[in-house]
Every structure is written in C-alpha cells, then in structure tokens.
Amino acid sequence: MSRRAVIIGGGFAGLTAGVRLSERGWEVLVLERRAHLGGRAYSFIDSRTGNIVDNGQHLFMGCYHHTIDFLKTIGTLDRLEFQERPHIDFLDREGFASFDCPPLPAPLHVLAGLFRMKGLGVGDKLRALNLRRAITTNGRFSPDSLTVDQWLGELGQSERIKTRFWNPMVIATLNQSPEIASARMLQVVLKEAFGGGVKNSSIGISRVGLSDLYTGGASDFIKSKGGDVQTGAVVQRLIIEGGLVKAVELKDGERVEADCFISAVPPSALLGILPRELKEKEFATLESLGSSPIVSINLWFDRPIIDREFVGLLGTRCQWIFNKDAIITSEQRSNHIAVIISAARDYVEWTRNDLVEMAVSELHELLPESRSATVLHSAIVKEREATLSHTVASDRLRPGPRTSIPNLILAGDWTDTGLPATIESAVMSGDVAAELFRKHALEGRSGKY
C-alpha cells in the first residue's frame with residue numbers, strides 16, 4: 001500500500017527528500033509557502049534587463065557527493081560544470097594572485113597550489129603545513145570549543161596568511177567571520193575538500209540560474225511518480241494527536257493528512273507551526289540558533305569590466321565578483337556583475353544606494369578599467385537568514401533529524417548533518433530524512449510511527 005508523505009518546504013532539503021521518497025514508491029506532497037520553489041537558494045528574472053539573478057551566488061565543490069547524486073537523479077547534472085583542478089583567482093590592490101593546484105595526488109595538489117601562490121612568504125607557506133596535521137589528528141590540534149581565529153593562532157598561522165587565504169575561505173564556506181566562526185566546522189571543510197581525492201576540492205559553478213539547476217527537475221520528477229508540488233501553500237500548524245502528527249493545517253483552513261511529515265524549513269519557520277508545549281519543551285534551544293546574512297549587489301555596466309568568471313577580493317568589504325556573462329551561457333552580453341558580501345551582518349541594513357556606491361568604489365580601486373564604465377542598472381538581494389550562524393555554541397545546538405514525534409523528521413542545512421550549512425548539508429539532510437522513513441516502513445510497522 002502506498003504511503004503518503006507531506007514535506008514542508010521546497011528548497012534543496014525538501015525537494016531532495018521528495019525525490020528520494022518518490023523513487024521508493026511513496027506518494028509525496030511538497031508544500032512551499034512562497035510563490036516559487038528554491039528556499040534560500042533560488043534565482044529570478046530581473047524585470048528591467050531580463051537577466052537571471054541568483055539570491056546569492058553559490059559555488060559547489062567536488063566533495064558535494066549527495067548534491068551531485070541528486071542532480072544526476074533529476075537529470076540536471078549537466079547544468080553544473082566543475083573545474084578540472086582547483087583554481088581561484090584573488091585580487092587586491094597589488095593585482096591578481098592565483099591559488100592554482102597542479103595535477104598531483106591529494107592533498108599534495110593543495111599544498112603545492114598554496115606554495116605557488118604569490119603574496120605569501122616562505123614562512124607562511126611552511127606553517128600552513130600545520131593545517132594538514134590538524135585535520136588528520138586530534139590532541140593539541142583539536143579545534144573543539146575554539147573559534148577559527150583562535151585555532152589558526154594555535155597552529156601558528158600569521159596574520160598575512162589568515163588575511164590572504166584562510167579568512168576568505170572561512171567566510172565563503174561558513175558565512176561567518178573568523179573571530180566568531182566554529183573551528184570544528186572549518187576542520188570539517190578541510191577534511192571534506194582536501195582530505196579526499198583531487199576531484200573533491202574542484203570548484204563547480206552552475207551554468208544556469210539556481211532555480212533552473214534543480215527546482216523544475218525535482219518538481220517534474222516528483223510529479224512523474226504520482227506526487228505533487230504546491231507553491232503558495234502556507235502551513236499554519238501541525239495537528240498532533242496521540243503522539244503523532246495527523247495532518248497539517250494550511251492558512252486557508254485546509255487539513256492535509258499523511259503517514260509521515262518532514263519539516264524542511266528554517267528554525268524560525270518550524271517554531272511558527274509547532275504547538276506551544278512542544279516548542280517550549282523540545283525545541284526551545286532552536287531560538288538560540290542565530291543566522292548569518294548574505295548581500296548580493298548586482299550591477300549592469302555599459303561595457304565589460306572583467307574577463308574572469310569569478311574572483312575573490314582581498315582587503316575590501318566586498319569579497320567576490322562573479323562575471324555573469326562568463327558564467328551563464330547567453331547570446332547577448334549584458335555586462336552583469338554580481339558582487340557578494342558574506343557574513344554581511346554589518347551591511348544588511350544599508351540602503352541600496354550606499355551598497356551600490358561601496359561596491360562601485362571598490363571595483364574602481366581594484367579594477368582601474370572599470371572607472372570609465374557607467375552603471376546602467378542595479379539590483380540588491382538581501383538574504384537575511386542565508387545560513388546558520390556557525391558559532392562554537394551552534395555546534396552543540398543543532399538538532400538531529402529525529403524528534404520525539406516518531407512520524408516527524410527534520411531536514412535542512414541547519415540540522416546536525418556533520419557538515420556546515422551548505423547546499424550539500426541541505427541535500428544530505430533530505431537524503432537522511434527519506435532513508436529514515438524508508439527503513440521504518442521496511443520494519444513492517446504499518447505506518448504506526
């Protein structure tokens with residue numbers, strides 16, 4: 001007999017869970033409160049230019065095995081392109097410097113790439129070898145209960161290499177400043193990216209807008225298996241009877257029943273649909289999980305200002321430039337540049353004009369050729385709760401997928417997947433949620449969770 005699953009949330013986590021359960025013969029219904037799918041990783045069409053704008057440029061990595069598998073299942077993996085080997089260009093007031101890894105076995109390729117990077121002294125590069133020992137041993141190298149800045153200090157990393165290499169990596173992968181970010185999560189990043197094969201550390205970039213990368217493919221897959229995906233479906237509350245979730249109640253009063261339920265929404269949204277007694281007892285610590293914003297400043301110029309796909313910025317408030325003309329295949333050049341500020345708590349309340357002025361000023365400083373270009377249009381995207389705020393405390397507060405209600409499972413990048421709150425963490429959580437319900441069904445419990 002077919003089992004029915006209701007999944008609350010249509011981002012990477014919810015759609016992954018929906019696809020995996022659909023594969024296994026479940027009748028799936030995904031409910032998304034907004035008018036579009038994608039959660040905190042989506043794209044839209046700019047009304048003035050007709051160009052695709054992402055809500056924050058996302059880079060992928062070869063170690064995103066769950067994500068690669070998911071995209072392969074829904075038939076859209078060809079829209080994601082990976083480098084043959086890791087390469088990142090950085091730009092500061094002295095010009096370009098590249099982290100370019102030669103074709104050597106891991107992790108030697110990373111170490112060689114670091115040793116070839118301009119702007120770092122020999123001593124800086126030699127002390128960076130401590131990080132290799134730190135990700136393979138414990139004891140005095142353990143990062144537990146330390147911030148990134150403290151951990152890097154204990155490992156003898158100079159301020160220059162922190163400023164020019166480690167800090168940009170931390171902000172990009174953890175979306176938090178090194179003074180606050182969890183060192184344990186940085187260790188996970190290093191192990192995942194640099195501790196495996198060479199392909200693990202290669203960077204991937206979507207050749208289409210984020211929404212086109214996965215939302216349509218996942219939705220079509222679920223529907224092809226007899227399920228449904230509904231947008232504009234606002235879940236008002238969970239209806240719990242006899243220790244199980246019986247149904248969800250929508251804003252229009254409709255009651256949707258199912259055998260199992262997966263919450264794939266951020267902590268604040270989950271708290272909003274839980275009964276008060278459950279929220280106060282089991283989920284009270286969720287209120288202590290903070291979030292960290294990302295601000296994307298999209299600029300359209302009257303001429304090209306850079307010929308590289310993406311560049312990390314050093315010594316500036318903005319951290320990345322993405323050349324959308326070079327990234328997204330299009331017959332018409334639009335000279336569209338996305339300037340990204342991660343860990344953007346200090347900037348999320350800035351006005352549109354102030355953000356544009358800051359970004360243009362820094363582009364003029366680092367790219368002199370941009371000074372003769374004119375900004376024709378701008379669009380600001382502020383994702384206020386872009387990711388979990390990765391602090392030392394949050395490592396202990398992230399809940400696992402199981403709850404005290406047997407037929408309610410949690411999914412989302414913010415849950416305790418063992419990974420930072422990345423796309424890979426979101427997809428992995430969806431896989432885990434689906435697998436938990438599959439195993440439960442195989443145990444022959446006839447839906448009595």
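The values are calculated or read from the model by the stated rules, or taken from the named source; none is laboratory data. Since the model is a prediction, treat every value here as computed from it, not as a measurement. Virtual Cβ from ideal backbone geometry, glycine too; neighbours counted across all protein chains shown.
Quick notes on this structure:
- One residue alone among Leu114, Leu80, Leu129 is free of Cβ contacts under 8 Å to residues at least 24 places away in the same chain and touching a helix residue (DSSP H, G or I) at 6+ places or on another chain (Cβ under 9 Å), and that residue is Leu129.
- For segment 235-257, filtering for residues that are farther than 15 Å from Ile8 by Cβ and either in contact (Cβ under 8 Å) with a residue 24 or more places away in the chain or surrounded by 17 or more Cβ atoms within 10 Å (Cβ to Cβ) (or both) leaves 2.
- With respect to being of a type outside the set (A, V, I, L, M, F, W, C), modelled with pLDDT under 95 and outside any helix (DSSP H, G or I), Glu331 fits the description.
- Residues that are among the charged types (D, E, K, R), in contact with a helix residue (DSSP H, G or I) (Cβ under 6 Å, 6 or more places away or on another chain) and in a helix (DSSP H, G or I), drawn from segment 190-231: Lys191
- When segment 350-381 is filtered for residues that are over 16 Å from His336 (Cα atoms), not in a helix (DSSP H, G or I) and either not assigned by TED's automatic domain parsing to the domain that holds Ile306 or not hydroxyl-bearing (Ser, Thr, Tyr) (or both), only Trp350 remains.
- Subset of segment 283-296 (residues that are surrounded by fewer than 22 Cβ atoms within 10 Å (Cβ to Cβ) and in contact (Cβ under 8 Å) with a residue 24 or more places away in the chain): Phe283, Thr285, Leu286, Ser288, Leu289, Gly290, Ser291
- Among residues of segment 143-161 that are in the same structural domain as Leu131 (by TED's automatic domain parsing) and surrounded by fewer than 17 Cβ atoms within 10 Å (Cβ to Cβ), those with a beta-carbon under 9 Å from a residue that is among the β-branched types (Val, Ile, Thr) and assigned to a loop (DSSP other than H, G, I, E, B) at least six positions away or on a different chain give the pairs Asp144/Val392; Ser145/Val392.
- Every residue from segment 86-119 that is more than 27 Å from the chain's Cα centre (by Cα), within 17 Å of Thr316 (Cα to Cα) and not in a loop (DSSP other than H, G, I, E, B): Gly95
- Within segment 366-388, residues that are free of Cβ contacts under 8 Å to residues at least 40 places away in the same chain sit with their Cβ atoms under 7 Å from residues that are in a helix (DSSP H, G or I), at 6+ positions apart or across chains, in these pairs: Arg371/His364.
- Qualifying residue in segment 37-60 (condition: assigned to a strand (DSSP E or B), touching a residue at least 40 places away in the same chain (Cβ under 8 Å) and within 17 Å of Val235 (Cβ to Cβ)): no
- Given (1) part of a strand (DSSP E or B); (2) surrounded by 15 or more Cβ atoms within 10 Å (Cβ to Cβ), number of the condition Arg384 does not satisfy: (2)
- Where Ile68 falls short, out of the listed (1) part of a loop (DSSP other than H, G, I, E, B); (2) free of Cβ contacts under 8 Å to residues at least 40 places away in the same chain; (3) of a type in the set (A, V, I, L, M, F, W, C): (1)
- Residue in segment 253-275 that is among the basic types (Lys, Arg) and either outside the structural domain of Ala17 (by TED's automatic domain parsing) or part of a loop (DSSP other than H, G, I, E, B) (or both) present: no
- Of all residues in segment 348-372, those that are surrounded by 19 or more Cβ atoms within 10 Å (Cβ to Cβ) and touching a helix residue (DSSP H, G or I) at 6+ places or on another chain (Cβ under 9 Å) total 3.
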